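Report on the structure given below.
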Amino acid sequence: MRRFLPLTCAALVAAPALAWAAPMRGVVVDEAGAPVAEAAVVIAGVEVATDASGGFAIDDVDAGTQDVLVVADGFEPLLTRAAPGRPLRLVLVRGGLVNDVELVTLEGQAPFVDEPAAYDLDPATVGAVAGAGNDALKAVQSLPGVARIPFGLGGLVLRGQSPRNSSVFLDGIEVPLLYHFGGLASFIPTPLLDGLEVMPGTFGARWGRTQGGVVEVRSRAARTDRWRGATEISLTDAQARGEGPLAGGGVVFGLRRSYIDGILAAATPDLTLAPRYVDGQARWDRGSEYARAGRLTAQVFGSDDRLTFANPGDAMDDGTSLNYRSRFVRAAMTWRRVDGPWSATVTPSVGADEVSLRIDGQGITRRNVPVALRAELERDWRDGRLAGGLDLLGTRYGYDIKNAAPRMPGAPESDEVTQRDGSLWAGDLGAWVEGFYRIADGRLGVKPGLRLDRFGLSDEWVADPRLAITHELPGGWTMATAIGRYHQPPAAVDLDPAFGNQDLKASVSTQASFGVTAPLPRASSVAVTAYWEQSRGLAVDAVTSATAQTAGGPQGGGVGAASRELTDEQFGSYSYRENTGRGRGAGLEVMLRKRSGAWAGWVAYTYARAERRGDPRLDPTWRPYVLDQPHVLTAVAAVPIGAWQLGARLRFASGNPITPVAGAYFDVDRQDYRPVDGPILSERLPAFAQLDLRVDRTWKRRWGVTKLFLDVQNVSNRLNPEGVTYNFDYSRRSYTRGLPVFPSLGVEFTP
């Protein structure tokens, strides 16, 4: 190996030298995910050997893209390129002994940044984010382009888009629900993840049926050197994980259950809400994507949430009962093969969803059965590549509604309770193609793409062209420009034959962005992105958009309007909608990642404006979106001190818009005071500010690693306003306050 390395290093094409330095860290594994010890890693002329866990670290590497060479006995040499910042995961393919290899030259084009930068997180970074509670998807809320949700409720608002307009994929499989009830945790524990990327807009043609952003979550393969298990217990839930060799491959699995319902029931003998969540995951891998038979992955994952009343007792004498349930399961097989410049991936999947809300037996239950297939084929050339694929989805939509029917346009109000149920099948067909070509001595990349979709629910064909142009500049700078069109089909809940509009069509968004990424002294990088977006054909309420609004109504703002936005995709608005809505937004995102010695963290700032308009024939006024937040600033920092690690997060966000009450009158018929609205969404709640702290302590012993963490949200106990309430005659205003100080204490053990 020593005779081989000098010849190889001399043949590498060096990246442009920079005056600033940053560390590069990572792990070297084999095709099954097992660590490769004593592998030689060469970056920028510096050679290190991996430790027993396959890990390596090289400090003071010039910022910008670098050549990376990995050589180990029994494996084929690996040559790739990467930049400091995100930890590397380098996979070696088994082959002959490198001691007998004599290499004279290595030639080839380096990988190219071919689209606007996505914001990424890895499991190690998540553990340093205070206030996230070891949860990767909750840590996403600390990235640029992500608005804050009141009370920390689940859901993502990316670049001012509604939560229903953004999609989450786990290994290419769409996930219907990102967070457990109330945003307590995401649907998959962080230790089972390999990483995630947030694409808030202007993404490529590979993703469709969404006009907002995309979050791509990647699960990890099992380590197959031996069987091992791990546990984690916190104040809210307990989980168990295991992984090891199985049936010629490796399996990793996990199970988690909360016990908040039991704590609340025991803590108070009175009536109280009792939430409970359960999730589970399993993944099995066999083979290598470079082998003739390819790599086969089988996985299943699911989530189950429930909310009921605990200790009902005499408080339920009036007959009031509550039962909320949200659950889903997905099962999939993935086959992937790489043969020289060709690569192919096929993923069929099937699932089942159920969302139900019942109060005194009245309410709504929706059940979906999706069957999907994703297939991708890619061919690389020296100066580019060509990729394409199919994205098929067939869904059986079922519903059961027992409630007072909503008022149709022009119809009188009615309190009649009706019972309706039904089902329908609909199929979506998506096909996409994407090319990439490098010109101008390889520094300029052009990436055109086209996506063609047929939406079964609306029975229409749509075409979405997309284009990204990326330019690598001297000194490690990168400029990226992107523009594209994005269609989203109507939701099944808006097409209900009893009250919905079955003529609804897809909405469409046109988006553009321009970004610059550059190295900075004593920092990994800084990224600045400006974006613009315009939407039309949004489905809006055709009844209330033509009538006066009331405080707490759909345009009343505050926590009530935010909650409706978060549950809209599951339950719909239960109203008659038409494609008359318009939307527009623009903003600037800044992301500074910093690693200076032991310190790590980032500063994320977003300036964003998002506006909406209903039917322009009735009201042409543009108004703020109910989740519009012009300023969002997040600062995250962490530093290890021996066996300890200290972390902090500071968050600031503009208050959400609200509709004020201008006055009130006494309604003789109702014998009650009725409010008179002021200008719709003309005021804002006070700004949100919060400081979170985190302390970790690790003990490493022969028999395993124990980690104790204390994660405290809102350490100053600042009671931020989240909504507005009034007294009986609307003469005095008060605020609904946010969560007080909330500690999360947990312990994790890994043998």
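The values are calculated or read from the model by the stated rules, or taken from the named source; none is laboratory data. Being a predicted model, the structure only gives us computed values, none of them experimental. As a convention, Cβ positions derive from the backbone with ideal geometry for all residues, glycine included, and neighbour counts pool all protein chains shown.
Descriptive notes on the structure:
- Which numbered condition residue 716 fails, given (1) outside any loop (DSSP other than H, G, I, E, B); (2) without any contact (Cβ under 8 Å) to a residue 40 or more places away in the chain: (1)
- Taking region 447-481 as the range and being in contact (Cβ under 8 Å) with a residue 24 or more places away in the chain, surrounded by fewer than 20 Cβ atoms within 10 Å (Cβ to Cβ) and in a strand (DSSP E or B) as the test, the residues that pass are 450, 454, 460, 469, 471, 479, 481.
- Unique match (being modelled with pLDDT of 80 or more, closer than 25 Å to residue 204 by Cα, acidic (Asp, Glu) and surrounded by fewer than 18 Cβ atoms within 10 Å (Cβ to Cβ)) among 380, 391: 380
- Single residue of region 122-137 satisfying the filter (of a type outside the set (Gly, Ala, Ser) and modelled with pLDDT of 80 or more) that is surrounded by the fewest Cβ atoms within 10 Å (Cβ to Cβ): 135
- Positions within region 614-661 being in contact (Cβ under 8 Å) with a residue 24 or more places away in the chain, of a type in the set (Gly, Ala, Ser) and under 28 Å from residue 128 (Cβ atoms), in sequence order: 635, 637, 638, 643, 647, 648, 653, 654
- No other residue among 318, 270, 314, 304 is at pLDDT 85 or above and outside the structural domain of residue 194 (by TED's automatic domain parsing) apart from 304.
- Checked against the criteria, residue 14 does not count as small (Gly, Ala, Ser), buried (at least 20 other Cβ atoms within 10 Å of the Cβ), at pLDDT below 80 and under 22 Å from residue 476 (Cβ atoms).
- Out of 664, 608, 689, 637, sole residue that is part of a strand (DSSP E or B), buried (at least 19 other Cβ atoms within 10 Å of the Cβ), assigned by TED's automatic domain parsing to the domain that holds residue 738 and touching a strand residue (DSSP E or B) at 6+ places or on another chain (Cβ under 6 Å): 608
- Residue within region 218-237 that is closer than 30 Å to residue 453 by Cα, among the basic types (Lys, Arg) and in contact (Cβ under 8 Å) with a residue 24 or more places away in the chain present: yes
- Selection within region 697-728 - exposed (fewer than 14 other Cβ atoms within 10 Å of the Cβ) and at positive phi: 704, 717
- For residue 670, the conditions (1) loosely packed, with under 13 Cβ neighbours inside 10 Å; (2) part of a strand (DSSP E or B) all hold with the exception of (2).
- Against the test of being surrounded by fewer than 19 Cβ atoms within 10 Å (Cβ to Cβ) and out of contact with any helix residue (DSSP H, G or I) (no Cβ under 8 Å at 6 or more places or on another chain), the options 654, 731 yield a single qualifying residue, 731.
- Restricting region 483-536 to residues that are under 20 Å from residue 210 (Cα atoms) and charged (D, E, K, R), the residue that is surrounded by the most Cβ atoms within 10 Å (Cβ to Cβ): 533
- Criterion: touching a strand residue (DSSP E or B) at 6+ places or on another chain (Cβ under 7 Å) and at pLDDT 85 or above - qualifying residue of 527, 551, 523: 527
- Here residue 462 passes the criteria (1) under 30 Å from residue 503 (Cβ atoms); (2) in contact with a Lys or Arg (Cβ under 6 Å, 6 or more places away or on another chain); (3) at pLDDT 90 or above except the one numbered (2).
- Filter result for residue 423 (among the hydroxyl-bearing types (Ser, Thr, Tyr), crowded, with 17+ Cβ neighbours inside 10 Å and either out of contact with any strand residue (DSSP E or B) (no Cβ under 8 Å at 6 or more places or on another chain) or assigned to a strand (DSSP E or B) (or both)): no
- Residues that are touching a Leu at 6+ places or on another chain (Cβ under 7 Å), at pLDDT 70 or above, under 30 Å from residue 227 (Cβ atoms) and outside any strand (DSSP E or B) are absent from region 93-100 altogether.
- Within region 167-180, the residues that satisfy the criterion of being part of a loop (DSSP other than H, G, I, E, B) and either among the aliphatic types (A, V, I, L, M) or touching a Ser or Thr at 6+ places or on another chain (Cβ under 6 Å) (or both) are 171, 172, 177, 178.
Okay, residues lined up against (1) over 30 Å from residue 589 (Cβ atoms); (2) at pLDDT below 90; (3) crowded, with 20+ Cβ neighbours inside 10 Å:
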position: 189; (1), (2), (3): no, yes, yes
position: 202; (1), (2), (3): no, no, yes
position: 205; (1), (2), (3): no, no, yes
position: 208; (1), (2), (3): no, no, yes
position: 244; (1), (2), (3): yes, no, no
position: 256; (1), (2), (3): yes, no, yes
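- Yes/no for residue 280 being modelled with pLDDT of 80 or more, closer than 23 Å to residue 34 by Cβ, surrounded by 16 or more Cβ atoms within 10 Å (Cβ to Cβ) and within 23 Å of the chain's Cα centre (by Cα): no
- Checked against (1) under 30 Å from residue 308 (Cβ atoms); (2) not assigned by TED's automatic domain parsing to the domain that holds residue 583, residue 201 passes all but a single condition, namely (1).
- Within region 338-349, the presence of at least one residue that is crowded, with 17+ Cβ neighbours inside 10 Å and at pLDDT below 95 is confirmed.
- Region 181-229: number of residues that are within 25 Å of residue 142 (Cβ to Cβ) and in a strand (DSSP E or B): 14
- Qualifying residue in region 498-515 (condition: farther than 25 Å from residue 143 by Cα, of a type in the set (Ser, Thr, Tyr), in contact with a helix residue (DSSP H, G or I) (Cβ under 9 Å, 6 or more places away or on another chain) and at pLDDT 90 or above): yes
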